[in-house]
């Protein structure tokens, strides 16, 4: 019996109560959305997430209405390889997905179940995850389309870091409006996850609608309507909660599924 395929029957040990986000994240949420410059994720993700300094917990809105949310999470006992494994392992199962944020994660379905493939990025890059989750009080039905780190300027060959990159879209509205990057680097005793979300570059999945409404959807007023400040702040708090929660159970789960000798 493969523990990778059958561990769902023993997930109770990893169903932990959710703790509040770290104080620095809660303070950033209380501070509100700050004004600033925001470029496309492809143009600035490396600068924000791969620099020597950790990225701040902050939500920033540009004059044109686009938003960038950044959050830095210390992950004691976690390695970058564990994060790479997690993104490949949890995709096919709602029960696994709910471990990550028991209060907000509802459902996850993957386009291609690649459980028989090698661990890690072989399972998620080029794949799509269809998730239902609460961001704040709003239930979002999202498509997360994972892409190569090179699409955002990161070197996938780096041995000391793992970068998870994806484009996100709203399944109800039919529009792609965001990008996410989690850049994970090793630290003494664990890892640090530097997360960034870029929202407001809106494209509709139907080409004719995109051609007809693309200009309207990407005005300042429409971006603020589609991505209000409350959504950006809720996303910041959500990220602070789920990434800290993940660190609490991931090392033991990884060891149970992969075995103590796994890298």
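No value in this document is a laboratory result; all are computed from the given coordinates. Remember, predicted model here, so these are calculated numbers, not experimental data. Cβ sites come from the backbone with ideal geometry, for glycine too, and all protein chains shown count toward neighbours.
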Work out, in µm²/s and without decimals, the Stokes-Einstein translational diffusion coefficient of region 74-195 at 10 °C, 1.306 mPa s, Rh from Kirkwood over C-alpha pairs.
106
Measuring from the longest principal axis of the C-alpha atoms of the chain, the long axis of helix 207-217 (C-alpha) lies at a number of degrees, nearest 10, equal to 70
To the nearest whole percent, what portion of all C-alpha pairs in region 27-258 is separated by more than 30 angstrom?
20
Sorted on mean Cβ neighbours within 10 Å (highest first), peptides 119-125, 185-191, 155-161 come out as 119-125, 185-191, 155-161
Those residues of region 58-99 whose amide nitrogen sits under 17 Å from the label point placed on residue 224, 7 Å along Cα→Cβ
60-68
Exposure proxy ranking, count of Cβ atoms within 10 Å, fewest first, for 132, 84, 113
113, 132, 84
I need the shape label for region 145-258. Rule: rounded when a/c is under 1.5, else prolate if a/b > b/c, else oblate, with a, b, c from the alpha carbon gyration tensor.
prolate
Cα-projected label distance for residue 134 with residue 9, points at 7 Å along beta-carbon direction, nm
3.2
Region 56-92-region 14-38 distance, computed between alpha-carbon centres (Å)
12
In the chain, what percentage of the DSSP-assigned beta bridges are antiparallel, given to the nearest 5?
95
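Using Cβ counts within 10 Å as a stand-in for footprinting exposure, how do 219, 168, 70 rank, fewest first?
The most exposed by this proxy come first: 219, 168, 70.
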Per DSSP H run of at least 4 residues, take -39500 (n - 2.57); add these up for the chain, divide by its residues and hand me the 222 nm value, nearest 500 deg cm²/dmol.
-10000 deg cm²/dmol
